2 protein chains.
Amino acid sequence: MSSGGKGSGKAGGGGGGKKKEVKKETKLGMAYKKDDNFGEWYSEALMPSVTISFVHSIAYILVKRLNSCSVFFSSLQVVVNSEMIEYYDISGCYILRPWAMEIWELLKEFFDAEIKKLKLKPYYFPLFVTENVLQKEKDHIEGFAPEVAWVTKSGKSELEAPIAIRPTSETVMYPYFSKWIRSHRDLPLRCNQWCNVVRWEFSNPTPFIRSREFLWQEGHTAFATKEEADEEVLQILELYRRIYEEFLAVPVSKGRKSEMEKFAGGLYTTSVEAFIPNTGRGIQGATSHCLGQNFAKMFDITFENEKGSREMVWQNSWAYTTRSIGVMVMTHGDDKGLVLPPRIAPLQVIVIPVPYKDADTTAIKGACESTVYTLNESGFRADLDTRENYSPGWKYSHWEMKGVPLRIEIGPKDLANKQVRVVRRDNGAKVDIPVDNLVEEVKRLLGEIQENLLKTAKEKRDACIEVIHTWDEFTTALNNKRLILAPWCDEEEVEKDVKARTKGELGAAKTLCTPFEQPELPEGTLCFASGKPAKKWSFWGRSY
Amino acid sequence: MSSGGKGSGKAGGGGGGKKKEVKKETKLGMAYKKDDNFGEWYSEALMPSVTISFVHSIAYILVKRLNSCSVFFSSLQVVVNSEMIEYYDISGCYILRPWAMEIWELLKEFFDAEIKKLKLKPYYFPLFVTENVLQKEKDHIEGFAPEVAWVTKSGKSELEAPIAIRPTSETVMYPYFSKWIRSHRDLPLRCNQWCNVVRWEFSNPTPFIRSREFLWQEGHTAFATKEEADEEVLQILELYRRIYEEFLAVPVSKGRKSEMEKFAGGLYTTSVEAFIPNTGRGIQGATSHCLGQNFAKMFDITFENEKGSREMVWQNSWAYTTRSIGVMVMTHGDDKGLVLPPRIAPLQVIVIPVPYKDADTTAIKGACESTVYTLNESGFRADLDTRENYSPGWKYSHWEMKGVPLRIEIGPKDLANKQVRVVRRDNGAKVDIPVDNLVEEVKRLLGEIQENLLKTAKEKRDACIEVIHTWDEFTTALNNKRLILAPWCDEEEVEKDVKARTKGELGAAKTLCTPFEQPELPEGTLCFASGKPAKKWSFWGRSY
């Protein structure tokens, strides 16, 4: 066993009892249903974070002492029970465990290879930035200032001046772009770094979705012309779409952000937007910004063109974060736990021996090992759960909780029939496969699951889209947790007004994006909010 | 061109002039010789850091305005001129450019795959740690306290309590080890993370070698028995040796640290130690610590053994950092710049067209492209320098500065003879290779260079080793910048005394390690410093 299933025995308490009891016990792991209590199902979003660490501390002690405390653990939900996340004793910070990090590594492997094809080069810029430089671009710092964490002391000494921890690296990098770029021959300049950033937010921390420190990649590029910058914005956005749709099986809309919602200090922002039907909230999946020449002006980033005169560069910046993992969990998870798309599942196949009484356990174990060996040799990520202190039933629940796409069971009957039983995590379907067809059938099934997850998620998302024309329709749709597509006059004042009028406990509604795929807009169509002539269709809703 | 050679035209000022002039001009890049002014050759170690950022700021402006300022750039040395490092406007922080990051990625690829074979799992723990937890292990915090950076503000608000930035993650991780480990079945627990850490040191910041933020991997493991922990300490140490000797071609000694020099709070520390002949200083290459049960006690990390009673775990932690790149630069670099071992060179072969007047430039360009294509297809990292604004001579110097192991020149004569001219960076040897043997010859040459660099470095290092027996011999050897191997009584008081007696401008001498390969210690051998019976041979010297 090397699958990070460590310590999970705790949830099962006494574990390994009679089969029926075990089944019941593991059910404790999912005390909340996704459709009934989404927040609790996902994590502990509604619990104030201070309480969380207090409860945890108490829990440590209880568990240490009693060593059987399943009631407590039942309140920790899918991201914790699946062993992706561990809560940390600083609010808004989380421990990413192997079950999350291995997904992050798979996404990184894909994305990093793709951007290297686009001639992006790896850099590492410092975590720290001086106040002076951070404040150089006014709109930019206004956007980030309230969330910046400041280092003011080292050891017992006060620093001469406080130093900021990067919330993003535009201001860290661009003074050096100014230094490195002289001539048109130095362009394009294409930097990427994989790193941590810190945004000390105070609103509801939620694992993956909103955390005070997170991991991301940030790409920063400079071009001689706007055309080149524009082109790259969309190349990167397409890679982000592929991460969501092809890897995480999460449907997203590509589109452009409104002036209010664009990146602070940039020219325009494009994004991929996902939607969580259970909460009726949109969620920004990743952003690809064209910064225009604004930072170039502030940081004096110019080049000598082929005719010998000076011009300002055109810049982009773009990023996706560990949030993507959270969006995937919310999209596919069910009342049994995680459901992982095969392409990013740390483990694609878990093999479980089912040794009935009097069966030839050695032969079963041998068949299991040979199955795992064959699958690994063929490039699948497969493992074997040989733990003897858990029943097969407990293991089924455990690996369902962790979302492994395929479970293979091998018992005496399978052995006799030269077959294995395969169970799909996404729809529970069971099928017996002849051992001789193992590799091709597993390949086919994993492909089907990957496809089915995206298809199902897309159907659910599409069923939530509601086209509206009037304010009344808008508020009704909002209350019904719909993803609202509305004709809009594209005026900032109107978006502000909509925000003000929808303010409330659940947060205000705002534009999510103006999708690139625009339905027809018949002449004379009016803005749902202002009654002025509409200029475009935009997605509206509450968001994360 | 995709090799990160961007902006290097600046060093050459007007560039592309007559051949001889160019040669002279590029020489400006190495104003200091390695054997004469090592500190300046490597970086700007002797310049106070405040001055550096001031000089840089001025330089930005000068360069922007005058666009020809080679005198200034001549004072930036090998790590800067080779485009590995850019100085940053916060002292002790450096920008790692692609020429450094690509080396780091190659090292990471090797090491990460090796530790995954050892069942290490990827984790990411938070950057931050509370004061309370940080101070749990007394010796440990005493070791790190003076260098800890503290966050005290977010936005404009004071935090309730200051939060530390991790200088290392023992205290970040071990409260959760306590939670995750219950039973002997949860062991071993093996965590690794790749991340940044911060140590706000005040002594001489030096790129790679001593920086306030650096990148590393840190492995943290827990075992049921001391034997398992001991075994892993050495497995990891062997991987560190391989990084240095097989990849970076830097000879190292495996050994054990003295009680004074061991990891704060640990049981014992092993390390690989390198030596820089030019400065006569030892340098710790990487450390693999057995923490014993000390942290287990402080953080209550216990497990139920197979007999049902509670025991404390045995722990290790181990790390290597971007410092390794600096050691490699210091070891192999020469008066022309970097010399990179082929296994870690971002670029192994640079192909340069040599288009004499009236030559068939199209055919030459074609031959160059075909050469690069063939090499890349065979798995080598090769690129072509087609820039037309630089002469071949300028390019030779440029790629020598960057340390590319092999240069291939193709001119009309080579074309006619169906050959290419290959020039080795390590010894300058030139050889003509028939195009038909290209791949096998390049493979052979790169292998030879890799081997030769280690062999040469080992000879230089070994020539510095001096076996001494008396205090007089010791001080003479120390003044002569030798790597001192001395018989020692292994008493902490004696090491303290040696430190006190050798205090001075260059720093005190101390033990580097007690090498595992011990020469014979004849009975009656006395400690060089105390005159008491010697217990072992240890390496002594000044160190980084």
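So if we plug the beta-carbon distance of B:His184 and A:Glu147 into 1/(1 + (r/R0)^6) with R0 = 30 Å, what FRET efficiency do we get, rounded to 0.05?
Working: r = 44 Å, r/R0 = 1.48.
So the FRET efficiency works out to roughly 0.10.
Rg and Dmax of chain B, using alpha carbons, in Å: what are they?
In order Rg, Dmax, the Cα atoms of chain B give 25.9, 87 Å.
Taking the Cβ of B:Pro341 as the centre, find all other residues whose Cβ is under 14 Å away and add up their charges (Lys, Arg: +1; Asp, Glu: -1). Each step should come with its number before you reach the end.
On the way: positive: B:Arg242, B:Arg343, B:Arg381, B:Lys402, B:Arg424, B:Arg425, B:Lys455, B:Lys458; negative: B:Glu102, B:Glu245, B:Glu246, B:Asp334, B:Asp426, B:Glu448, B:Glu451.
Residues close to B:Pro341 contribute a combined charge of +1.
In percent, what relative contact order does chain B have, based on Cα pairs under 8 Å that are 6 or more apart in sequence?
Values: 1074 pairs, mean separation 75.4, N = 544.
Worked out over chain B, it gives 14 percent.
For A:Phe202, A:Phe125, write out the residues from largest to smallest accessible area, computed with a 1.4 angstrom probe and no ligands counted. Walk me through the numbers on the way to the answer.
Working: A:Phe202 135, A:Phe125 0 Å².
The ranking, largest first, comes out as A:Phe202, A:Phe125.
Report relative contact order for the stretch B:456-544 in percent, whole number only (criteria: Cα-Cα under 8 Å, sequence separation at least 6). Write down the numbers at each step before the final one.
Values: 149 pairs, mean separation 31.3, N = 89.
Result for the stretch B:456-544 is 35 percent.
Would you mind getting the accessible area per residue of the stretch B:138-239, heavy atoms of the protein chains only, 1.4 Å probe, in Å²?
Numbers: 3340 Å² over 102 residues.
Spelled out: the 1.4 Å probe surface of the stretch B:138-239, per residue, equals 33 Å².
If you take the square roots of the eigenvalues of the alpha-carbon gyration tensor of the stretch B:77-151 and sort them as a ≥ b ≥ c, do you get rounded (a/c under 1.5), prolate (a/b over b/c) or oblate? Before the final figure, lay out each step's value.
Details: a/c = 2.82, a/b = 1.23, b/c = 2.29.
In terms of gyration-tensor shape, oblate.
Name the residues whose placed amide hydrogens come within less than 5 Å of the amide hydrogen of B:Val148, ignoring near sequence neighbours (fewer than 5 apart) on the same chain.
Those qualifying (amide H under 5 Å, at least 5 residues apart or on another chain) are A:Gly155, B:Trp200.
Quick one: net charge of B:Glu493's neighbours, Cβ under 15 Å, K/R +1, D/E -1? List each step's numbers first, then the result.
On the way: positive: B:Lys496, B:Lys499, B:Arg501, B:Lys510, B:Lys532, B:Lys535; negative: B:Glu259, B:Glu261, B:Asp490, B:Glu491, B:Glu492, B:Glu495, B:Asp497.
Result for the local shell: -1.
Can you compute 3J(HN,Hα) from phi for each residue in the stretch B:114-122, using the Karplus curve 6.51 cos²θ - 1.76 cosθ + 1.60 with θ = phi - 60°, rounded to whole Hz and x for Gly and Pro?
5, 6, 5, 4, 7, 6, 6, 10, x
Once the whole set of protein chains is in place, how much accessible area is left on A:His332, using a 1.4 Å probe, in Å² to the nearest 10?
Number for this one is 20 Å².
Percent of accessible area on the stretch A:170-223 owned by carbon and sulfur, 1.4 Å probe? All intermediate terms of the calculation are to be shown ahead of the outcome.
Working: 520 of 1150 Å².
Carbon and sulfur together cover 45 percent of it.
Rank A:Met298, B:Met260 by accessible area, highest first, at a 1.4 Å probe radius? Let's see the in-between values first.
Values: A:Met298 80, B:Met260 55 Å².
The residues order as A:Met298, B:Met260, largest area first.
What is the antiparallel percent of DSSP beta bridges lying wholly in the protein assembly as shown, to the nearest 5?
Numbers: 149 of 181 bridges.
Of all bridge pairs located within the protein assembly as shown, approximately 80 percent are antiparallel.
Scan around A:Cys513 for amide H atoms under 5 Å from its own, H built in the peptide plane at 1.01 Å from N, and keep only partners 5 or more places away or cross-chain.
A:Phe539
Taking 8 Å as the Cα distance limit and 6 or more residues as the minimum spacing, I'd like the relative contact order of the stretch A:74-213 as a percentage.
On the way: 153 pairs, mean separation 37.9, N = 140.
27 percent.
For label points placed 7 Å from Cα toward Cβ, what is the shortest-first list of nm distances from B:Thr386 to its copies?
Distances to the matching label points in the other copies: 5.6 nm.
Does the stretch B:372-416 come out rounded, prolate or oblate by the C-alpha gyration tensor, with a ≥ b ≥ c the root eigenvalues, rounded set by a/c under 1.5 and, if not, prolate when a/b is larger than b/c and oblate if not?
Values: a/c = 1.89, a/b = 1.17, b/c = 1.62.
Here the stretch B:372-416 falls in the oblate category.
Let me see the P(r) profile for the stretch A:115-170: every Cα-Cα distance counted, bins of 10 Å, each bin given as a percent of all pairs.
Taking all Cα pairs of the stretch A:115-170, the binned fractions are 21, 41, 26, 11, 2 percent.
Over all alpha-carbon pairs of the protein assembly as shown, lay out the pair-distance distribution in 10 Å bins, whole %, shortest bin first.
Computed distribution, short to long bins: 2, 9, 17, 21, 21, 16, 10, 3, 1, 0, 0.
Indicate, rounded to the nearest 5 percent, the antiparallel portion of the DSSP beta bridges found entirely in the stretch A:333-482. Write down the numbers at each step before the final one.
Details: 10 of 18 bridges.
Rounded to the nearest five, the antiparallel share is 55 percent.
Output the Cα-based Rg and Dmax of the stretch B:475-544 in Å, rounding Rg to one decimal and Dmax to a whole number.
Rg then Dmax for the stretch B:475-544, in Å: 11.7, 37.
What does the net charge come to around B:Gln293 if you take all other residues with beta carbon closer than 10 Å to its beta carbon, with K and R at +1 and D and E at -1? Before the final figure, lay out each step's value.
Numbers: positive: B:Lys226, B:Lys297; negative: B:Glu311.
Spelling it out: positives minus negatives among the neighbours equals +1.
With r defined as the distance between the Cβ atoms of A:Glu238 and B:Glu105 and R0 fixed at 22 Å, what FRET efficiency is calculated, to the nearest 0.05? Don't skip to the answer; put the middle values down first.
Working: r = 25 Å, r/R0 = 1.12.
Calculated value: 0.35.
Convert each backbone phi in the stretch A:240-249 into a coupling constant with the Karplus relation 6.51 cos²θ - 1.76 cosθ + 1.60 (shift: θ = phi - 60°), then list the ³J(HN,Hα) values in order as whole Hz, x for Gly and Pro.
5, 4, 5, 4, 5, 7, 7, 9, 7, 6
Can you give me the % of accessible surface on the stretch B:336-456 that is carbon or sulfur? Probe 1.4 Å, all protein chains present, nothing else counted.
Details: 2630 of 5350 Å².
Taking all protein chains in place, the stretch B:336-456 shows 49 percent carbon and sulfur surface.
Between the DSSP loop rule and a limit of at most 12 other Cβ atoms within 10 Å, which chymotrypsin sites (Phe, Trp or Tyr not before Pro) in the stretch A:344-408 are left? Display every interim value, and only then the final one.
Numbers: sites: A:Tyr356, A:Tyr373, A:Phe380, A:Tyr390, A:Trp394, A:Tyr396, A:Trp399; in loops: A:Tyr356, A:Phe380, A:Tyr390.
In loop regions of the stretch A:344-408 (DSSP not H, G, I, E or B), the sparsely surrounded chymotrypsin sites (Phe, Trp or Tyr not before Pro) are A:Tyr356.
Give me a comma-separated list of calculated 3J(HN,Hα) values for the stretch A:401-409, in order, Karplus coefficients 6.51, -1.76, 1.60 applied at θ = phi - 60°, integers in Hz, x for any Gly or Pro.
4, 7, x, 4, x, 10, 10, 10, 10
Between B and A, buried accessible area summed over both sides at probe 1.4 Å, in Å² to the nearest 100? Before the final figure, lay out the partial values.
On the way: alone 25370 and 25430 Å², together 43870 Å².
That pair of chains buries around 6900 Å² in total.
Might you work out the accessible area of A:Lys34 for me, using a 1.4 Å probe with all protein chains in place, and round it to the nearest 10 Å²?
Here the accessible area works out near 20 Å².
When ligands, DNA and RNA are left out and all protein chains stay put, how many square angstrom of accessible area per residue does the stretch B:335-397 have with a 1.4 Å probe?
On the way: 2730 Å² over 63 residues.
On a per-residue basis, 43 Å².
With everything on Cα atoms, drop me the angle between helix A:323-332 and the longest principal axis of chain A, reported from 0 to 90° to the nearest 10.
Helix A:323-332 sits roughly 50 degrees off the main axis of chain A.
Say a paramagnetic label sat at a point 7 Å from the Cα of B:Phe202, along Cα to Cβ; which residues of the stretch A:139-176 have their backbone N under 15 Å from it?
From the stretch A:139-176, the list is A:153-161.
If I ignore ligands, DNA and RNA and count only protein heavy atoms, how much of B:Lys536 is accessible to a 1.4 Å probe, in Å² to the nearest 10?
The accessible area comes out at roughly 50 Å².
The values are calculated or read from the model by the stated rules, or taken from the named source; none is laboratory data. All figures in this text were calculated on a predicted structure; none of them were measured in a lab. We place every Cβ from the backbone using ideal geometry, glycine too, and count neighbours over all the protein chains shown. To get the accessible areas, we keep the full protein, side chains included, count just its heavy atoms, and leave off ligands, DNA and RNA. Shrake-Rupley method; radii C 1.70, N 1.55, O 1.52, S 1.80 Å.
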